[in-house]
Amino acid sequence: MVSSGDEDQAIGLICKNCFHQSLWLPQTAEHPRLRVTYSTTTNFDNVSLSLPVILFIGPMFGSRWDALHFNKLANDSGVRAIFVDRPGFGGSTPVQLDVRVAIWLETVPVLLHRLGVEHVSLVTHSAGTIYTLNTLLRYRSILDPKAPYVAFLAPFVPKTHSGAAVPTLAAKLPVTALDSWAGLVKFVNSKILPGVAASGGLISPLSTMFSSPSPAGTDLPGGEAPNNSTSLVEQYGFDDATAKLVHKLATKWQFAESNQGGNEEAKLCLEKSDGTASWGEAADYSGCARRIADNEAALSLNEGHAPPKLSVSAFFAGSDIMIAKRGQAFFEQCWQSDEVTGKVDFTTSTYPEANHDSLLVDLKKGALKAVFEKVAHLNK
């Protein structure tokens, strides 16, 4: 039974101002004035601690609500983190598919200036890879000059290179079907598996619709079960009743807001847009990695000495129906080519007990805890 005290604690946490902030991008010749909603962890304004900052670039349905779900982890690890609603999520103004990446790139410097942040580490999951590669190429200077670091968790890979079952089969759907994608996700998470993936890992519960039969050579063992070994008490730091209420209310309120951006994110990832889905610099992952490496080499020449090398870490799940083993191998090869090796420090790790979603949301079997702790110790 939930007491009034439990309810007060839960609502008090969820309604903290840091989780519900906004800014405006000014009108330009290309677009009208645009609203962007975002969040920060509760330790963000404690500048006396001089904690490093993570700009988290979330997956397809990642949002500013992730700050709530990963808030305790950030505090325990000794990092601050920023989370953003991309267009069409929360209170962020929807935009056309062809400018999603461009609007993100326009948002980054405005957001960091608003928060008074000069340097960050970039951490991303799944579909956020598209935005992260573009960010790294456009805004290399936002990385910590003493320890530049980027972490990719279960990076999304174009279906042509992964052969993964879910994106391959989903790509066969008509564009009109993807216009209902966000509504389907909302239904699954609100009615069928309430709250199971409130932290943005919303693909696997839907994958069961594609799970039979399994195409040869793909990682699709009948879908991926939502098997998070991290308890809500461990995740939120409250007693069981309060933690469950935090999770329940956060999920309810997150899906009460707009999630229509998910339709456009699905089209972007599946390249289902009659040529209007612009991946920007990420349209060619191999070429993108080479350009990043070339930029690093040029940076060394311009500074006249060897600055700290860019560190790029990739984390993969033991079983991943969204990118499969082929996708993992392709992503690794992009960073291990002769043109990149020596200019960028690249490491790769596989978490055998994790799947595409739990690699992010499971703090015991997944990688996020290790990433946050690594960022906390980069300059120590």
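Just so you know, all these numbers are worked out from the coordinates, no wet-lab data involved. Just so it is clear, the model here is predicted, and its values are computed rather than measured. Neighbour counts run over all protein chains shown; Cβ positions are idealised from the backbone, glycine included.
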Checked against the positive end of the charge dipole of the chain (+1 on Cβ of Lys and Arg, -1 on Cβ of Asp and Glu, about the Cα centre), the farthest of Phe61, Gln96, Gly116 is Gln96
Yeah, the stretch 1-141 with a ≥ b ≥ c from its alpha-carbon gyration tensor (a/c under 1.5 is rounded, else prolate when a/b outruns b/c, oblate otherwise) is prolate
The lysines whose Cα lies under 26 Å from the Cα of Lys267, excluding any fewer than 8 residues away in the same chain, are Lys159, Lys172, Lys186, Lys191, Lys252, Lys325
Distance in Å, no decimals, from the C-alpha centre of the stretch 83-107 to the one of the stretch 250-289 is 10 Å
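What ranking do Leu25, Leu363 get, fewest neighbouring Cβ atoms within 10 angstrom at the top?
Values: Leu25 18, Leu363 22.
Fewest-to-most Cβ neighbours within 10 Å comes out as Leu25, Leu363.
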Burial-style ranking of 3-12, 289-298, 321-330, average other-beta-carbon count within 10 Å with highest first, yields 321-330, 289-298, 3-12
For the stretch 36-128, the dipole about the Cα centre with charges only on Cβ (Lys and Arg +1, Asp and Glu -1), to the nearest 20 debye, works out at 80 debye
So for R0 = 35 Å, FRET eff. of Ser229-Leu301 from the Cβ-Cβ r, to 0.05, ends up at 0.15
In the stretch 230-321, taking the dipole from +1 charges on Lys and Arg beta carbons and -1 charges on Asp and Glu beta carbons about the Cα centre, the listed residue (Ser286, Phe255, His305) farthest towards the positive end is Phe255
Here the residues of the stretch 59-88 lying in the modelled label zone of His119, meaning backbone nitrogen under 17 Å from a point 7 Å along Cα-to-Cβ, are 79-81
The summed charge of the Thr347 Cβ neighbourhood (under 13 Å; Lys/Arg +1, Asp/Glu -1) stands at 0
Highest GNM mean-square fluctuation among Glu257, Glu265, Glu30, for the chain with Cα springs under 10 Å, belongs to Glu30
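State to the nearest 20 debye the size of the charge dipole of the stretch 110-185 about its Cα centre, where the only charges are +1 on K and R beta carbons and -1 on D and E beta carbons. It would help to have the intermediate numbers written out before the result.
Working: 6 positive and 3 negative charges, 26 e Å.
Dipole magnitude for the stretch 110-185 comes out near 120 debye.
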Restricted to the chain, the DSSP antiparallel beta bridge percent, nearest 5, is 25 percent
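Please say if the stretch 222-380 is rounded, prolate or oblate, where rounded means a/c under 1.5 for a ≥ b ≥ c the square roots of the C-alpha gyration tensor eigenvalues, and otherwise the choice is prolate for a/b larger than b/c and oblate otherwise?
The shape class here is prolate.
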Expressed in angstrom and ordered largest first, the alpha-carbon extents of the stretch 228-269 along the principal axes are 40, 22, 11
In this structure, among Lys16/Lys380; Lys309/Lys364; Lys72/Lys374, pairs with alpha-carbon gaps over 20 Å are Lys16/Lys380; Lys309/Lys364
Any trypsin sites (Lys or Arg not before Pro) in the stretch 135-192 that lie in a DSSP loop and have at most 14 other Cβ atoms within 10 Å would be Lys146, Lys172
Neighbour-count ranking for Cys18, Cys288, Cys269 (other C-beta within 10 angstrom, fewest to most) reads Cys18, Cys288, Cys269
If N is the residue count of the chain, its Cα Rg over 2.2 N^0.38 Å rounds to 0.94
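Taking the Cα centre of the chain as origin and charging only Cβ (+1 Lys, Arg; -1 Asp, Glu), how large is the dipole, in debye to the nearest 20?
On the way: 32 positive and 37 negative charges, 36 e Å.
Using only the charged Cβ atoms, the result is roughly 180 debye.
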